[in-house]
Amino acid sequence: GESVGLHLPTLSVQEGDNSIINCAYSNSASDYFIWYKQESGKGPQFIIDIRSNMDKRQGQRVTVLLNKTVKHLSLQIAATQPGDSAVYFCAENIGGGSTLGRLYFGRGTQLTVWP
Amino acid sequence: DTGVSQNPRHKITKRGQNVTFRCDPISEHNRLYWYRQTLGQGPEFLTYFQNEAQLEKSRLLSDRFSAERPKGSFSTLEIQRTEQGDSAMYLCASSFGQGLTYEQYFGPGTRLTVT
């Protein structure tokens, strides 16, 4: 399953399938990106990050791809499990200066995993 | 549990009352952030501390809002003369900032309801 985080806020996939959640960003000065997972009633939980000098980074069952040419970020979840059901946010930092550390969050995509 | 704690977890108050929230970051983290999240949206940056210094405030942080981090450890966020539009989840995050390290760990949030 695939979704664009800012335009299709929901994604439903079957357990065991791979999920792809997309995110577009607009600021070419953004130098750092994070994906967060947020379950209902909880704070965002860090999943994986990537710096702008990288195109791809892999974690456990997750991969983040960064395409700076089209300002696009994606999160791939392999073998999606029911416990992956949550809202996923991409966040970016616009590099340096007084905005150091400030994260800008996208709207989020609700991922639902069905058996 | 990320190690960031927030109290209270829920607060219901009447319009016009003052409220104060507390955040205890991960102990070795020198950076602390406050975000606000409304239903269906990603977190929005409010303010940021490095140690006890408040380095940045968002335009969202009106003069009714004040945040402190007096000893560079815990932080408080106070809202005076609350309005119904202040109803939201208030999230605290912390990070260990050295150079370009941005990974932020979020607490569970304080849900504020203004009636």
Partners for A:Lys68 among aspartates and glutamates (Cα-Cα distance below 19 Å; same-chain residues under 8 apart left out)
A:Asp31, A:Asp49, A:Asp55, A:Glu92
Given Cα pairs under 8 Å that are at least 6 residues apart, what percent is the relative contact order of chain B?
37
Using a 1.4 angstrom probe on heavy atoms only, work out the carbon and sulfur share of the accessible area of chain B in %.
45
I need the phi-derived Karplus couplings for region A:25-34: 6.51 cos²θ - 1.76 cosθ + 1.60, θ = phi - 60°, integer Hz, Gly and Pro marked x.
10, 10, 9, 5, 7, 5, 10, 8, 9, 9
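Remind me, what semi-axes does chain B give for its equivalent ellipsoid, largest first in whole Å, using sqrt of 5 times each Cα gyration tensor eigenvalue?
Numbers: eigenvalues 106, 39, 33 Å².
Over the Cα atoms of chain B, the ellipsoid semi-axes are 23, 14, 13 Å.
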Need one number: nm distance between label points at A:Trp114 and A:Ala78, each 7 Å from Cα along Cα→Cβ, rounded to one decimal.
2.6
Summarise the partner chain shielding of B:37-48 as one whole number: the mean count of Cβ atoms from other chains within 10 Å of each residue's Cβ.
5
In square angstrom to the nearest 100, the accessible surface buried at the A/B interface, both sides summed with a 1.4 Å probe, amounts to 1900
Antiparallel versus total DSSP beta bridges in chain B: what percent is that, nearest 5?
90
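Give me the accessible area per residue for the protein assembly as shown, probe 1.4 Å, as a whole number in Å².
Ligands and nucleic acids excluded, the figure is 48 Å² per residue.
The values are calculated or read from the model by the stated rules, or taken from the named source; none is laboratory data. Everything quoted here is computed from the prediction, not taken from an experiment. Cβ atoms come from the backbone with ideal geometry, glycine included; neighbour counts cover every protein chain shown. Surface accessibility is based on the protein's heavy atoms, side chains included, excluding ligands, DNA and RNA. Shrake-Rupley method; radii C 1.70, N 1.55, O 1.52, S 1.80 Å.
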